[in-house]
Amino acid sequence: MKIERLNEDNIADAYCCLDERRELFKKDVDECVAHMKKKLREGWLAYAVYDDAGEPVGMSILLPSSDHLSPVVGENLYYFHCMDINKNWRKRGIGKELTDRIAEEVKAKGGKGLAVDCYGEYWMPCDYFTKRGFETSKVFPEHSLMLKSISKGARVEFTETPYKGDVPASGIQIDIQYSVTCPFMLNNYRKVGEMAKRLEPDAIIRERVINTKEDIERWGGSGIYVNGKSVSVGPVDEAELKKAIEEAKGRSIGHSE
C-alpha cells in the first residue's frame, strides 16, 4: 500500500470513492476532473491510497481555508472537502495513515490545523475523526464542525452561505446551485432539475455553477432552494423536494391572505 499526493496527471484517481458507480457517473467525473486540475493550481490538495496492484482504494480532497469555496474560516487551515476508503479496505488502518500523512504535509506547508464537517454516521462521522485527534468546535442541527490542531492558536469558524438570489412574489422557483467538485453530488443536483419538472411543471427552474467569489456574493452557496429556502444539505430525493414545494406553496398562500 502507498499514499500519493495527486497532481493534474492522476487527479482522476481521487474519484475511486465511486467504486462500481464510476462508469455511471463518467460524464460528471470528467467534468470534476477538469475542474479539480484548476483547483490544484490554486492550492487544493488531493490524495489517493493505492493497493499493491496500483489500484486506488482510498482518497481525500482538501482546500485551504483562504479559498472562497471554503465553508470555514481560520488562519492557515485546510478543510476536508471529502475523504473515503473503499468499503472492502476499511478497518485496516488505512484511514489513519492517510490522515497522518495529510497532517504531516499540511504542517510542513505551515498549516495550523485540519477542519472537517461531520454529518452523522453516513458521511465522515465524528467518531472516526475523534480517534484521529480532532475536537468538536461547534455543533449545528445537521452537522458538527471539528478541528485537529497542528500548531498552537488554531481556531475555526463555520461560514454560512445562504441563498442570496431573488425570490418570486408568487408561484414556485427552484434554484439549483453547485460547485463542480463531487461527481455524486453533481449528478444528484442535476437530477433534482428533472424531478422538479416532473413534480411542478409550471415552476421556474434555474441551474447555476457556484465557482467564484463573485458567484457566492451574488447567489450564495451550493444547495437546492425552493423560493429561497434550502431543501437540505443533500443529496436530495424526490420526497424531500416534493415536501419543500408543498411548504413553499403554503407560505405563498399564507402571505396572500
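Values quoted throughout were computed directly from the atomic coordinates according to the rules given, and no laboratory measurement underlies them. This one's a predicted model, so the numbers in the text were calculated from it and none came from an experiment. Ideal geometry is used to build each Cβ from the backbone, glycine not excepted, and the neighbour counts take in all protein chains shown.
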Problem - Computed [θ] at 222 nm, helices only, for the chain once each DSSP H run of length n ≥ 4 contributes -39500 (n - 2.57) - result: -10000 deg cm²/dmol
Problem - Listed residues Cys118, Met36, Ala108: farthest to the positive end of the dipole of region 2-158 (Cβ charges) - result: Ala108
Exercise for the section: For the chain, state the semi-axes of the equivalent ellipsoid (square roots of 5 times the eigenvalues of the alpha-carbon gyration tensor), sorted largest first and rounded to whole angstrom. Expected result: 34, 21, 17
Practice task
With only Lys, Arg, Asp and Glu charged, each at its Cβ (+1 for the first two, -1 for the last two), find how big the charge dipole of region 2-158 is about the Cα centre; round to the nearest 20 debye.
Solution key: 500
Practice task
Along Cα→Cβ, 7 Å out, is where each label goes; now give me the distance between the ones at Trp89 and Glu240 in nm to one decimal.
Solution key: 2.8
Completion exercise
The Kirkwood hydrodynamic radius of region 113-215, taken as the inverse of the mean 1/r over all distinct Cα pairs, in Å, comes to 16.6
Completion exercise
By the Cα gyration tensor axes a ≥ b ≥ c (a/c under 1.5 gives rounded; else a/b larger than b/c gives prolate, otherwise oblate), the shape of region 179-257 is oblate
Practice task
Averaging sequence separations of C-alpha pairs under 8 Å and six or more residues apart, then dividing by the length of the chain, give the relative contact order as a whole percent.
Solution key: 15
Exercise for the section: With a ≥ b ≥ c taken as the square roots of the eigenvalues of the C-alpha gyration tensor of region 93-149, please select rounded if a/c is under 1.5 and otherwise prolate if a/b is larger than b/c or oblate if it is not? Expected result: oblate
Handout entry: Proximal lysines relative to Lys242, as straight alpha-carbon distance under 25 Å, when same-chain residues fewer than 8 apart are discounted
Key = Lys164, Lys191, Lys197, Lys229
Problem - Which listed pairs, of Lys96/Lys243; Lys37/Lys112; Lys26/Lys213; Lys87/Lys213, have C-alpha distances above 31 Å, in listed order - result: Lys96/Lys243; Lys87/Lys213
Practice task
Between the alpha-carbon centers of region 190-257 and region 1-59, tell me the distance in whole angstrom.
Solution key: 30
Practice task
Under 12 Å from the Cβ of Tyr163, count the other residues' Cβ atoms, weight Lys and Arg +1, Asp and Glu -1, and hand me the total.
Solution key: +2
Practice task
With only alpha-carbon atoms counted, please give the Rg and Dmax of region 41-109, in Å.
Solution key: 13.1, 39
Handout entry: Shape call, region 1-146: gyration tensor on alpha carbons, a/c limit 1.5
Key = rounded
